[in-house]
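The values are calculated or read from the model by the stated rules, or taken from the named source; none is laboratory data. Please read all numbers here as calculations on a predicted model, not as lab measurements. In this analysis, Cβ positions are derived from the backbone assuming ideal geometry, glycine residues included, and neighbour counts consider all displayed protein chains.
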Ligand SMILES: C[S@@+](CC[C@H](N)C(=O)[O-])C[C@H]1O[C@@H](n2cnc3c(N)ncnc32)[C@H](O)[C@@H]1O
């Protein structure tokens, strides 16, 4: 975990400054996400990064707890929220497993570009289910690095890791495997789609 935080702290400012590559795909993801959110919702975002998505969605919900393992990402998020005078986001340095989160209070958990970074995806999904109210939603879009086509990238990722350019503990799952794991963690899939690239956008309701 210390290694993970170190990695993301090191690249946080650069990551935050990078423009979104596929703006149309991102906008579609935000539109589909908003369709599931209500004005008084209490939202948890895990792996929030520098807070760009939380800031964008803040006007659509009651409150967002934006969490991330990286203290540097959280610092950037706080800076941006202060600059934009957004008052309904709390930035918290935490992994989903931290005790800081009260049990099952959230209407939705957002996990964007996050689940592939967690080595034990089933345990993470069970934990996220535990943080949701019954009927609450998990909304995820995450890298697809588990398919045959992506096999070629594994040695590249291994080399990048040696040079500190890729995070450790990646989880190589296909979209179908991910859906099955989400189902096994006590969710029903309500939407599964692709928004312009190979990352599955999945919305799942806690049973
Ligand atoms: C690829 S970035 C995604 C950031 C943002 N959600 C986005 O879509 O741009 C992944 C983020 O997850 C955070 N992260 C990685 N492992 C984590 C963990 N176990 N718990 C919490 N956050 C984690 C990193 O610090 C990083 O900010």
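Restricting to region 41-61, give me the number of residues that are surrounded by fewer than 20 Cβ atoms within 10 Å (Cβ to Cβ) and under 13 Å from the mean Cα position of the chain (by Cα).
Here the count works out to 1.
Can you pull out the residues in region 160-182 that are assigned to a loop (DSSP other than H, G, I, E, B), in contact (Cβ under 8 Å) with a residue 40 or more places away in the chain and farther than 23 Å from residue 3 by Cα?
The answer is none; no residue qualifies.
How many residues are more than 20 Å from residue 192 (Cβ to Cβ) and part of a strand (DSSP E or B) if we restrict to region 126-159?
Looking only at that region, the number is 2.
Among the candidates 37, 57, 28, 44, which residue alone is in contact with a helix residue (DSSP H, G or I) (Cβ under 6 Å, 6 or more places away or on another chain) and either in contact (Cβ under 8 Å) with a residue 12 or more places away in the chain or within 21 Å of residue 6 (Cα to Cα) (or both)?
37
Those residues that are surrounded by 18 or more Cβ atoms within 10 Å (Cβ to Cβ) and outside any loop (DSSP other than H, G, I, E, B), I need them from region 183-204; list them, please.
Residues satisfying the conditions are 187, 200, 201, 202, 203, 204.
Under 7 Å between Cβ atoms, at least 6 apart or on separate chains: pull out the pairs that start in region 1-17 with a residue that is under 20 Å from residue 171 (Cβ atoms) and more than 9 Å from the ligand (Cβ to nearest atom) and end on any residue that is assigned to a helix (DSSP H, G or I) and at pLDDT 95 or above.
Sorted first by the residue in region 1-17, then by its partner, the list stays empty.
Where the second residue is assigned to a strand (DSSP E or B) and the first is on the phi > 0 side of the Ramachandran plot and lies in region 183-207, which pairs have Cβ atoms under 7 Å and are six or more apart or on separate chains?
186/206
Any residue in region 66-89 that is surrounded by fewer than 22 Cβ atoms within 10 Å (Cβ to Cβ) sitting within a Cβ distance under 6 Å of a residue that is part of a strand (DSSP E or B)? List the pairs, counting only those 6 or more apart or interchain.
71/93; 78/91; 81/89; 88/63
For region 28-47, check the following and say yes or no: at least one residue is within 15 Å of the ligand (Cβ to nearest atom) and farther than 25 Å from residue 205 by Cβ.
Among the residues of region 28-47, not one is within 15 Å of the ligand (Cβ to nearest atom) and farther than 25 Å from residue 205 by Cβ, which makes the answer no.
Looking at region 2-54, which of the residues that are in a helix (DSSP H, G or I) and in contact with a strand residue (DSSP E or B) (Cβ under 7 Å, 6 or more places away or on another chain) is farthest from residue 82 (Cα to Cα)?
32
Give me the residue from region 162-176 that is more than 14 Å from the ligand (Cβ to nearest atom) and farther than 27 Å from residue 196 by Cβ and, out of that set, nearest to the chain's Cα centre (by Cα).
Across region 162-176, the extreme among qualifying residues is 164.
Which ranges mark the strands (runs of 3 or more DSSP E) fully within region 62-125 that have 3 or more residues being more than 18 Å from the chain's Cα centre (by Cα)?
The strands (runs of 3 or more DSSP E) meeting that bar number zero.
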